[in-house]
Amino acid sequence: MKKTIYKVLIMTVLAGTTACTDILDTAPYNSVASGNMWTNEALTNQGVAGVYEAMRSWGVYGASSYGIPVVPFECLGFSGEAYRSIAYLNGGAGPGDTFFSTMWSKFYEGVHRANDAIAHLPEAQGVDDESKARLLAECKFMRAYYYTRLNELYGRYGLGVPLYTEPIGTVEDCDKGQSSESEVWAQIEKDLTDCINEPAFPNRYTERGRACKGAAYALRGRAYLMQGARYEYNNASGKVEKTTIDNSLLQKACADFDKVAGCGFGLFQGGYRELFTEANEGCNEMIFSVQNYSKPDYGSRMQLMAGTRSAGDKSGGTGYSQYSVSPALVDLYEKTDGTPFDWDDYIPGYNSTSVQNRIVYFLRDTEDKNGNKVNAEIISWVNNKLPAEVKDLYLPYGNEARLTAAYSNRDPRLLYNVIVPYSEYVGMDANYAKAGNMTPVVYSYRWPVKTASHSVDAQKSLGIVSPFDLQQDGNGNAEFAYRHRKFVMEGYDCEYRNDMPIDEPVLRYAYVLMMWAEALAQQGDLAGAAAKVNMVRSRKSVEMPDYTFTSKEDAMTKIQNESRREFVNEGVNFYEEMRWGTLRAVKYSKYGIYDPAAHMCTGQQSNGNGTVAWSSTNDYSIWPVPSVEIEKNKNLSKTPGWQY
């Protein structure tokens, strides 16, 4: 049955059961125990569902409000770009920023729900012993997951986070200081080991929406990897100055990663693009995911946040393009022969052209092959964007083809993940949807276009025929940036733009292989590490040439770049850049030919233009214990490197 966990929640809410409302709406520092939650089988299942439900509304897609409670994690890393300025990205966030306190609360809400379930499940009424043991293992996995996120963000460099393993009663009970980072990891390992050793805990569930033994192996392996390979970033120098390796822990990581396949998981071979669709969200590659359902408040906001104005739902609601794909990431996709991409190979002189003037290469054609000019209004759009000093570089016919060639014969994942200029996307039209016309519309991503509301009928009046201009966000003249294709539904497949049904992967087998490769490389097994990466590269529909690694440094560079290409729009990249100590170097510094927050070309944003700057006063490589928590709990220590 599809999305069993969240169907339990939905049915409960629709039935008006107050017990579920109590547990789901409880804040982290209120009582999360419900007097009758564990008194029968149905309520017990609801209580466990509530432990999972705490994962919702944060992660890759964030929430409907761009700043509060959560911004999309994807735009915080190398692979994504924010539409508007965010305090954490522009250097202005301090310990009092609501972003840090909101995330702290959300993580601990999950911990406290798990603790309540773990304490009460053994005495749950109307539930057989085997089911109790299975549900207990699920809740221990979830507690380990929430603590993993807390420890890797707030508990780095030995600091740790407060460790609660029992239910809390009142706010006064939340008086613990930080346990050490190693103590938190030990608790995570213990919980996951209990899961793995539990006979009633299945290797892999047939229904989706539940943790399983394969997920426990993957998460414990990641915990060992994080401790076994420590990339010691120094904020004073702005770089990783040393890597500390513990081979015994890395061996444990590899052993756990090796067990995942035996639990029934592996690489999906039905096509990379097809992997990220509703039809295949339960395939053997998806180890653990946030379950989404096409029902208000139970779906992902991906369609809204990452979709363009040409992506939307059956009611005529459209996407907002609130975050985009970074151009540095797009350039990272290799040619199909495995050699690096270089703009100068396609447009000689591109790299030496000033950032402002590169706009000339992205402008649409104003003539056809026979020299016939397009509509005069379209020509005026182009002329208004064309810098006078590089006017001779513009090709009235051939500008589009020249640019398109740069995206051709590249790693296939580029076009699976990104809507690039002059490629096609099958979308919708808001006016047509509102009129009941559900015929999908084929678009081409041309630029410039008129406005965000450049409807199909308006385009027809200018002589534009299918494929029509992709509709973008922005005022006056729509903006131009690489757009997400992965997870953005086509046509009218999406019922609600705020609640898209495609699941958000947290752990998938390709991720396990990439972490496994890293653990092998750091132990000096370069051939073994390359073999794991090559499994990802050689999968059906990707089929990129095999890598060989010549050194640890070469291995890490290729593993990191492969991870960046593979996990676009999955929220993985931010956590990995933080772990590798590379976030400042690749996000907040000049990377290749791009300045921080560089869009495809300058001048394209009508508003927004999110600034990116490393803080001059705070150490962004670790998140601070929020000021509000310090005020409530005097036993908490302030995070070193942050000004309170």
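The values are calculated or read from the model by the stated rules, or taken from the named source; none is laboratory data. Owing to the predicted nature of the structure, the values given are computational and were not obtained by experimental measurement. Cβ atoms come from the backbone with ideal geometry, glycine included; neighbour counts cover every protein chain shown. Each accessible area value is taken on the protein alone, full model and side chains, heavy atoms only, with ligands, DNA and RNA left out. Shrake-Rupley method; radii C 1.70, N 1.55, O 1.52, S 1.80 Å.
Taking the listed residues 426, 449, 456, 442, the one that is in contact (Cβ under 8 Å) with a residue 24 or more places away in the chain, within 20 Å of residue 496 (Cβ to Cβ) and of a type outside the set (Ser, Thr, Tyr) is 426, with no other qualifying.
Has region 155-162 got at least one residue that is open to solvent by 30 Å² or more (accessible area, probe 1.4 Å), aliphatic (A, V, I, L, M) and not in a helix (DSSP H, G or I)?
yes
Within the set 488, 442, 456, 465, the sole residue that is in contact with a helix residue (DSSP H, G or I) (Cβ under 8 Å, 6 or more places away or on another chain), of a type in the set (A, V, I, L, M) and either more than 18 Å from residue 325 (Cβ to Cβ) or open to solvent by 20 Å² or more (accessible area, probe 1.4 Å) (or both) turns out to be 456. For region 369-400, the tally of residues that are under 19 Å from residue 461 (Cβ atoms) and either hydrophobic (A, V, I, L, M, F, W, C) or open to solvent by 50 Å² or more (accessible area, probe 1.4 Å) (or both) stands at 10.
Among the residues of region 341-385, those that are in contact (Cβ under 8 Å) with a residue 40 or more places away in the chain and of a type in the set (A, V, I, L, M) comprise 347, 355, 359, 363, 374, 378, 382.
Of the helices (runs of 4 or more DSSP H) that lie entirely inside region 198-301, those containing 1 or more residues that are open to solvent by 50 Å² or more (accessible area, probe 1.4 Å) and out of contact with any His (no Cβ under 7 Å at 6 or more places or on another chain) span 247-262, 272-275. Each residue in region 322-348 was checked for being assigned to a loop (DSSP other than H, G, I, E, B) and open to solvent by less than 30 Å² (accessible area, probe 1.4 Å), and 7 of them qualify. Here region 106-143 is the region considered, the condition is being surrounded by fewer than 24 Cβ atoms within 10 Å (Cβ to Cβ), of a type in the set (Asp, Glu) and under 28 Å from residue 176 (Cβ atoms), and the residue that is nearest to the chain's Cα centre (by Cα) is 109. If you filter region 145-178 down to residues that are more than 26 Å from residue 242 (Cβ to Cβ) and in contact with a Pro (Cβ under 8 Å, 6 or more places away or on another chain), you find that the one that is modelled with the lowest pLDDT is 174. Checking region 409-419 against the condition returns no match, with no residue being free of Cβ contacts under 8 Å to residues at least 60 places away in the same chain and either surrounded by fewer than 18 Cβ atoms within 10 Å (Cβ to Cβ) or not hydrophobic (A, V, I, L, M, F, W, C) (or both).
Scanning region 588-627 for residues that are outside any loop (DSSP other than H, G, I, E, B) and either at pLDDT 95 or above or open to solvent by 30 Å² or more (accessible area, probe 1.4 Å) (or both) yields 591, 627.
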